[in-house]
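Before any comments, here is the structure.
The values are calculated or read from the model by the stated rules, or taken from the named source; none is laboratory data. Please read these numbers as outputs of a predicted model, since none were measured by experiment. Positions of Cβ are generated from backbone atoms using ideal geometry, with glycine treated the same way; all protein chains shown enter the neighbour counts. Accessible surface areas use protein heavy atoms only, side chains included; no ligands, DNA or RNA. Shrake-Rupley method; radii C 1.70, N 1.55, O 1.52, S 1.80 Å.
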Amino acid sequence: IGFEYRSVSVYNSTINLPCNNKKRETLLSIFPLFYSIPSTFVSLSLDSRERKASTMGGEGVVDAIPLFAKELIAGGVAGGVAKTIVAPLERLKILFQTRSEFHNIGLLASFKRIAKTEGFLGFYRGNGASVARIVPYAALHYMAYEQYRRQISDNFPGMGNGPVVDLLAGSLSGGTAVLFTYPLDLVRTKLAYQVVDHPKSNVKVAMGSEQAFVGIRDCFTRTYKEAGMRGLYRGVAPSLYGIFPYAGLKFYFYEEMKSQVPDDYRKHIIVKLACGSVAGLLGQTFTYPLDVVRRQMQVQRLRASSSPEFKGTIGTLFMIVQKEGWKQLFSGLSINYLKVR
């Protein structure tokens, strides 16, 4: 049996979800998907190796590992490689969303600035937290989806087993996965937010030793000591608000585009890939302001003391428009487009 891994995003949080041939069509249509170029290539490569291994019928330690565990490991490796490849773009996107000086100078100038002041490794600041989030997020998303779908079908049999149930289960499972793994997303943002202004300086000098974080553990510990669990979940509300509309828009655009394709080509993987990519791009565009709000809420405590305090999702949204203009709500969106295939 050959298994295929696809890059899955619930409100801009990419994972690699294992799925067999029978569930592929359902998962491709109901989850809020978007495909990044590197993850697609890595996933297809892993899929090919899995097929080859299954036909050889080899014995040993690998054969004793449960199938779901092997899917999760392979998906995690593929997702980690993909995340690492696009990490420079993700770092720049976060800086565009949270620092107006990067937004003002543009993508190329920002790339040159990071390369000059922080070097090659500067593009990967915070990527470790992003990679660490992939496997638990994927496992929670996949298992919660099955549970929610079963509960909806059992408690509301009148809804049947159609796309509405899939959409609800996908959105609820996405929210569950976000809640359990959100602290890693916050840590990733805080680490990526840190910049230096001179090649010979470091983060502690640029931001002050009381604000600079030296790694994932340090960021976790100090954030928790400063504000407790509320600090680790600062900005989670816009993430949850964005899940259902993103899933709905993605599902709607995906089905609309697929309906325009001749019946003979609808099941072709290239058609699904193209429809999923464009639908994901459109869904991201409509819900992107919530992503900017989330990022700015995450780094609020790292800003200067003179900066106004954000109060809630709506308050932050209006504050950004008032202080930086409505265009800031879409800052970094073009970088997202570069990651979508």
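Annotation for Ile73 and Ile314: the two label points, set 7 Å from Cα along the Cα-Cβ direction, are 5.0 nm apart. When Met297, Met159, Met229 are compared by accessible area at a 1.4 angstrom probe, the order from most to least is Met229, Met159, Met297. Annotation: peptides 232-241, 264-273, 115-124, ranked by per-residue average of other Cβ atoms within 10 Å with the highest first, follow the order 232-241, 115-124, 264-273. Among residues other than Asp291 with Cβ under 14 Å from its Cβ, the summed charge is +3 (Lys and Arg +1, Asp and Glu -1).
Annotation for the stretch 266-341 versus the stretch 60-88: alpha-carbon center distance of 28 Å.
Compute, for the stretch 77-147, the length of the dipole vector about the Cα centre, with Cβ point charges of +1 (Lys, Arg) and -1 (Asp, Glu) only. Units Debye, rounded to 20. Present the calculation step by step, with values, prior to reporting the outcome.
Working: 9 positive and 4 negative charges, 62 e Å.
Dipole about the Cα centre, nearest 20: 300 debye.
Projected label points at Ala227 and Thr285, each 7 Å from Cα along the beta carbon direction, are separated by 3.3 nanometres.
Taking the inverse of the mean 1/r over every pair of distinct Cα atoms in the stretch 54-195 gives a Kirkwood hydrodynamic radius of 18.0 Å. Spin-label model, Tyr337 to Asn155: label points 7 Å out along the Cα-to-beta-carbon direction sit 4.2 nm apart.
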